[in-house]
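Notes follow once the structure below has been shown.
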Amino acid sequence: MDFGYSLSKSSTMKIENLENSKFKALAKLEPDATKCIGCGCCTASCSAGVFADMSLRQILLSLQRDCQDKYLPMLQNCMLCGKCMLVCPRGINTRHLILSICKIYGIEQ
Amino acid sequence: MAENIIIIGGGPCGLEAAKTLRDLGYAPIILEKKQELGGHLRKWDRLFPEGVQAKQVLKELTSGLKGIEWHTSVDIETIEKSRKGYTVTLSTGVSYNSPALLLTNGFKLFPAEKKEEYGYGIYDKVITNADLEQYFAKGKDNVIKKPKTIGFVHCVGSRDEKVGNRQCSKVCCATAVKQACEMKELFPDATIYSFYMDLRLFGRNYEDMYLTAQKKYGIRYIRGRVSEVSEDIDGSLIVKAEDTLLCKPLRLKIDLLVLMTGIVPENSSASLAQQLNIELGEDGFYKPKDTILEPCMAENNGLFMAGACTGPKTIPETLSEARAAAVQIHNYLNKSWISGIL
Ligand SMILES: Cc1cc2nc3c(=O)[nH]c(=O)nc-3n(C[C@H](O)[C@H](O)[C@H](O)COP(=O)(O)OP(=O)(O)OC[C@H]3O[C@@H](n4cnc5c(N)ncnc54)[C@H](O)[C@@H]3O)c2cc1C
Ligand code: SF4
Ligand code: SF4
Ligand code: SF4
């Protein structure tokens, strides 16, 4: 029988078993990693964002949800200019945070 | 003879507390530093959620003051505590005694020019919620001339560690929703955007205001904090934010930007706290004895506090606290007299 569709893999997130040891390590290295309120200021003012996809907000959230594979490559676009640090209302040390992410998640800058 | 009770601050809170104390048989003395009574209520045009005229509420609060002594334009020099209570001395040399003291010195509006990246005081077309209330009240303004695109910016000077204020000011989300609807009434052709991080519409009927703003007035709510504002060559403004729900940075050209400045501690709170030897919270507002059980009482005997001086509050909340503080002062004095402390 053909109903014209097939069973496909569920697209819902499973967050019951978040394996977050890496995020914990990140939060240890840079405690500000847990302070984000998702306001989007960093993304809105990002110097790289004009040319390419770069959203620190999305990266941080993806790390917390352990679904970072799709998001981490954006870090390649970061110029470490520190503009996001100037606008972050939570006063997050974004430069150190970005460098810490690179270190823990093994990304070469 | 009726006992004096000194109240510092003649805003909505001080006025309501004075009336309750008078009705309980005391002789309240309001000391107000400004030229007029009424506090911040004088600055507002219509009040959320129903749009009641602020003038009407102000009139209600400032009339029927029989039995209440009040002094405006006062400058408090010293406050001394003795076994008998408090002595407040003004810069003119006049002093007042009372067995209990009530602090109702309210709040200060966040000075928007401190948030430089929003350009208040630099770009003409950036105004504050307080400026807009003045415009509503007066009906004219040099800057507001048939704007086609209007932006509202939430959390200006609130929820922002960069300016040293982590607290939410509580009243500005409701104010923004109210003002956006009022602007649409005045300028039906304008497109109105509201940039928010969270919409904190906590009070009864506040959510209905939001629904009306969406349904009736078509206000466009964008979830993202404005990161910076600049001026274009033609004098219009360029606003940067991220639409965090769509995950896209955006730039918007607009004709008028309204900043929702928030509630910060009144300047005099720090010096009054020092004189009275009481603590301020990390946020700079007075710290009550117990935030749940005794929100209107200080650690010190005979010292009470109510209204926006202990944190952001709406007017009905402020008035309830004013009445509560008055009753607590009454109970405190009764107990003290019975036990012979005073
Ligand atoms: C933009 C905005 C819009 C608002 N709109 C609404 C609304 O629509 N509806 C609503 O319910 N609430 C609204 N509010 C909240 C409302 O303004 C407050 O709840 C109310 O003003 C608090 O009253 P208060 O008496 O505690 O403080 P205040 O109104 O600040 O009054 C304090 C008084 O104390 C005086 N004072 C200060 N220091 C001293 C001193 N050292 N000596 C003597 N006197 C002193 C001040 O001059 C002032 O008169 C709004 C607030 C803001 C910021
Ligand atoms: S430091 Fe990187 S993420 Fe931050 S604004 Fe600069 S380019 Fe963007
Ligand atoms: S600016 Fe700061 S708080 Fe806002 S999304 Fe970026 S990192 Fe998070
Ligand atoms: S009430 Fe709304 S606008 Fe005001 S500080 Fe809180 S979240 Fe921001």
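The values are calculated or read from the model by the stated rules, or taken from the named source; none is laboratory data. The structure presented is a predicted model; accordingly, all values stated were derived computationally and were not measured. Here Cβ is always computed from backbone atoms with ideal geometry, including for glycine, and neighbour counts include all displayed protein chains. These accessible areas exclude ligands, DNA and RNA; they are computed on the full protein's heavy atoms, side chains included. Shrake-Rupley method; radii C 1.70, N 1.55, O 1.52, S 1.80 Å.
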Subject >> Residue tally, condition assigned to a loop (DSSP other than H, G, I, E, B) and either under 16 Å from the mean Cα position of the chain (by Cα) or within 16 Å of ligand 1 (Cβ to nearest atom) (or both), over segment A:70-81 >> reply: 4
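Let's see how each residue does on (1) within 16 Å of ligand 3 (Cβ to nearest atom); (2) away from chain A (no Cβ under 14 Å); (3) under 19 Å from B:P28 (Cβ atoms); (4) in contact (Cβ under 8 Å) with a residue 60 or more places away in the chain:
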{"residue": "B:I278", "(1), (2), (3), (4)": "no, yes, no, no"}
{"residue": "B:G281", "(1), (2), (3), (4)": "no, yes, no, no"}
{"residue": "B:I292", "(1), (2), (3), (4)": "no, yes, no, no"}
{"residue": "B:C296", "(1), (2), (3), (4)": "no, yes, yes, no"}
{"residue": "B:E299", "(1), (2), (3), (4)": "no, yes, no, no"}
{"residue": "B:I315", "(1), (2), (3), (4)": "no, yes, no, yes"}
{"residue": "B:A324", "(1), (2), (3), (4)": "no, yes, yes, no"}
{"residue": "B:Q328", "(1), (2), (3), (4)": "no, yes, yes, no"}
{"residue": "B:W337", "(1), (2), (3), (4)": "no, yes, yes, no"}
Original post:
Using beta carbons and a limit of 9 Å, which pairs, at least six apart or on different chains, have the first residue in segment A:16-45 and at negative phi and the second one open to solvent by less than 20 Å² (accessible area, probe 1.4 Å) and within 16 Å of ligand 1 (Cβ to nearest atom)?
Top reply: A:C39/B:C155
**OP:** Would you mind telling me which numbered condition in (1) of a type in the set (A, V, I, L, M); (2) in a helix (DSSP H, G or I); (3) surrounded by 18 or more Cβ atoms within 10 Å (Cβ to Cβ) A:L86 fails?
**Re:** (3)
Original post:
Which of the residues that make up segment A:36-45 are at the interface with chain B (Cβ under 9 Å from one of its Cβ atoms) and either assigned to a loop (DSSP other than H, G, I, E, B) or touching a helix residue (DSSP H, G or I) at 6+ places or on another chain (Cβ under 6 Å) (or both)?
Top reply: A:I37, A:G38, A:C39, A:G40, A:C41, A:C42, A:T43, A:S45
Original post:
Of the residues B:V153, B:V143, which is away from ligand 2 (no atom under 16 Å from the Cβ) and more than 14 Å from chain A (Cβ to nearest Cβ)?
Top reply: B:V143
Original post:
Does at least one position in segment B:205-225 carry a residue that is within 16 Å of ligand 1 (Cβ to nearest atom) and part of a loop (DSSP other than H, G, I, E, B)?
Top reply: yes
**OP:** Output the number of residues of segment B:147-204 satisfying the condition of being in a strand (DSSP E or B) and not polar (S, T, N, Q).
**Re:** 12
**OP:** Grab the strands (runs of 3 or more DSSP E) fully contained in segment B:70-145, keeping just those with 2 or more residues being in contact with a helix residue (DSSP H, G or I) (Cβ under 8 Å, 6 or more places away or on another chain) and either under 21 Å from B:L15 (Cβ atoms) or assigned by TED's automatic domain parsing to the domain that holds B:A325 (or both).
**Re:** B:76-82, B:101-103, B:107-109
Original post:
List the pairs whose first member sits in segment B:60-74 and is among the hydroxyl-bearing types (S, T, Y), whose second member is open to solvent by 70 Å² or more (accessible area, probe 1.4 Å), and whose Cβ atoms are under 6 Å apart, counting only residues at least 6 apart or on separate chains?
Top reply: B:T72/B:Q35; B:S73/B:Q35
Original post:
Tally time: how many residues in segment A:82-94 are closer than 18 Å to A:Q58 by Cβ and more than 10 Å from ligand 3 (Cβ to nearest atom)?
Top reply: 1
Original post:
Of the residues that sit in segment B:156-190 and are within 14 Å of chain A (Cβ to nearest Cβ) and of a type in the set (D, E, K, R), which one is least open to solvent (accessible area, probe 1.4 Å)?
Top reply: B:D160
Original post:
Just to be sure, is A:A33 more than 14 Å from every other protein chain (Cβ to nearest Cβ), open to solvent by 20 Å² or more (accessible area, probe 1.4 Å), among the aliphatic types (A, V, I, L, M) and closer than 30 Å to B:C168 by Cβ?
Top reply: no
Subject >> Selection from segment B:223-255 of residues that are open to solvent by less than 20 Å² (accessible area, probe 1.4 Å) and within 14 Å of another protein chain (Cβ to nearest Cβ) >> reply: B:G224, B:R225, B:V226, B:S227, B:V229, B:V239, B:A241, B:E242, B:T244
**OP:** Assess whether A:D32 counts as being away from ligand 2 (no atom under 13 Å from the Cβ) and assigned to a helix (DSSP H, G or I).
**Re:** yes
Original post:
Tell me, which residue of segment B:203-222 that is of a type in the set (A, V, I, L, M, F, W, C) and surrounded by 13 or more Cβ atoms within 10 Å (Cβ to Cβ) is farthest from ligand 3 (Cβ to nearest atom)?
Top reply: B:M209
**OP:** Sort through B:L257, B:L250, B:L245 and tell me the only one that's farther than 26 Å from B:E133 by Cβ and in a strand (DSSP E or B).
**Re:** B:L250
Subject >> Subset of segment A:46-67 that is more than 11 Å from chain B (Cβ to nearest Cβ) and buried (at least 21 other Cβ atoms within 10 Å of the Cβ) - its residue that is farthest from ligand 3 (Cβ to nearest atom) >> reply: A:L63
Original post:
When only residues in segment A:89-104 that are away from every other protein chain (no Cβ under 14 Å) and of a type in the set (V, I, T) count, which is surrounded by the most Cβ atoms within 10 Å (Cβ to Cβ)?
Top reply: A:I101
Original post:
Scanning segment B:191-200 for residues that are surrounded by fewer than 19 Cβ atoms within 10 Å (Cβ to Cβ) and not basic (K, R), which turns out nearest to the other protein chains (Cβ to nearest Cβ)?
Top reply: B:D198
